[in-house]
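Trainee: If you scroll down you'll find the structure; I have some questions about it.
Every read-out reported here was derived from the displayed coordinates using simple, explicitly stated rules and does not represent laboratory data. Quick caveat, the model's predicted, so the values are computed rather than measured. As a convention, Cβ positions derive from the backbone with ideal geometry for all residues, glycine included, and neighbour counts pool all protein chains shown.
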Amino acid sequence: MVAEARKKGTLALVLFSAPYGNQYANHVCNIADRALGMGYNVEIFLYGDAVHAHLTEQKPKNFVNIGETLARLADRGAAVYSCLICAIARGYIRDYDEGRKVYNSPITPPFVKYVTVQGFVNMIKKADRIMMFGSS
Amino acid sequence: MLQPKLRTIHRKTAKGEREMSGTCVLLMRLPASEDEARRMLGIIQRSTERNSGAAIYLLGEGTFWAKGLMPKRYLSMALDSGAAVKASRRDLFARGISECDLDQRISLMDDLEGELVEDVMGRANRVVSW
């Protein structure tokens, strides 16, 4: 199924804004949902304050829980990348060993893959279309 | 005032439906100023000159383009030039914008995100988002 999705095409969605203060994260999730439903491969990159979006433990009272939504999208095959440097800057990562590229982050959900800017470049290279959301 | 030079070429499919090719412009917020509106429209203009057309998608706060005085004027210019404009029915109504407030050339979509994905992945060759 993944091979079929790759054949059909890859949509890359890049989010710059934190969740809940505006609707950009919701738009990313809704568009990713439709793209997965149509059989496309979806890759999501969280940059800057958008790294807060992957937290599943946030409890928004009147809004869709973005972290849980991202987890469900990941279950359906979406790749969710978070910027490593942004996550370190915001306290998500402890004990980062730059030489061995090993880090400890007890609060990061397992579906999130931390990548550097090189990882972002690799994602862009693979993508057939790229859409950007929000501003940092 | 900016004179729009947008052009949109719609190919006819076998079923006779209009098919957009070219640039998709996703608007999710209002312009902060007339200068910015002009810049956003300018990008549409340049994109359509290089490609074969443009479609504008109004999503979330972007649906206010259909109502606000200044943005509406710019949207009308894009429509006059032949760009297709599609808006999320759900987001319009959530903001109290009724159908009678809208330019009749704007297509209301029940699933704008699905429409956008189809166009972005299947028909357009460029996507710009604001």
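Trainee: Going by how many other Cβ atoms sit within 10 Å of their own, how do A:17, B:81, B:33 line up, fewest first?
Mentor: B:33, B:81, A:17
Trainee: Return the average number of partner chain Cβ atoms within 10 angstrom of each residue Cβ along peptide A:21-33.
Mentor: The mean count of partner-chain Cβ atoms within 10 Å per residue comes to 4.
Trainee: Something else: When a/c is below 1.5 the answer is rounded, else prolate if a/b is larger than b/c, else oblate, so apply that to the stretch B:33-129 with a ≥ b ≥ c taken from the square roots of the Cα gyration tensor eigenvalues.
Mentor: Oblate, because a/c is 1.5 or more while a/b does not exceed b/c.
Trainee: To continue, here is another question. Which ordering of A:49, A:95 is given by a fewest-first count of other beta-carbon atoms within 10 Å?
Mentor: So the residues, fewest neighbours to most, are A:95, A:49.
Trainee: Right, next: At a Cα cut-off below 14 Å, give the aspartates and glutamates reachable from residue B:67, other chains included and same-chain residues fewer than 8 away excluded.
Mentor: Excluding near neighbours in sequence, the set is B:91, B:99, B:101, B:103.
Trainee: For each of B:24, A:83, count neighbouring Cβ atoms within 10 Å of the residue's Cβ, then give the residues from fewest to most.
Mentor: With the fewest neighbours first, B:24, A:83 line up as A:83, B:24.
Trainee: Go ahead and run the numbers for FRET between residue B:89 and residue A:64, Cβ-Cβ distance against an R0 of 22 Å, rounding to 0.05.
Mentor: That pair, residue B:89 with residue A:64, gives E of 0.70.
Trainee: Given a Förster distance of 30 Å, report the FRET efficiency between residue A:120 and residue B:38 from their Cβ-Cβ distance, rounded to the nearest 0.05.
Mentor: In this case the efficiency is close to 0.45.
Trainee: If you restrict to DSSP beta bridges whose two residues both lie in chain A, what percentage is antiparallel, to the nearest 5?
Mentor: Counting DSSP beta bridges with both partners in chain A, the antiparallel share is about 10 percent.
Trainee: Taking square-rooted eigenvalues a ≥ b ≥ c of the alpha carbon gyration tensor, is chain A rounded, prolate or oblate, where a/c under 1.5 means rounded and, failing that, a/b exceeding b/c means prolate?
Mentor: Oblate shape, in that a/c is at least 1.5 and b/c is the bigger or equal ratio.
Trainee: Still on this structure, I have one more. For residue A:8, which aspartates and glutamates qualify as cross-link partners when the Cα separation must be under 13 Å and same-chain residues fewer than eight apart are set aside?
Mentor: Correct list for residue A:8: A:128, B:118.
Trainee: While we're looking at this one, here's another question. Straight distance only, please: which aspartates and glutamates reach the Cα of residue A:59 with their own Cα at less than 19 Å, same-chain residues fewer than 8 apart left out?
Mentor: Hits, sequence-local ones excluded: A:49, A:68.
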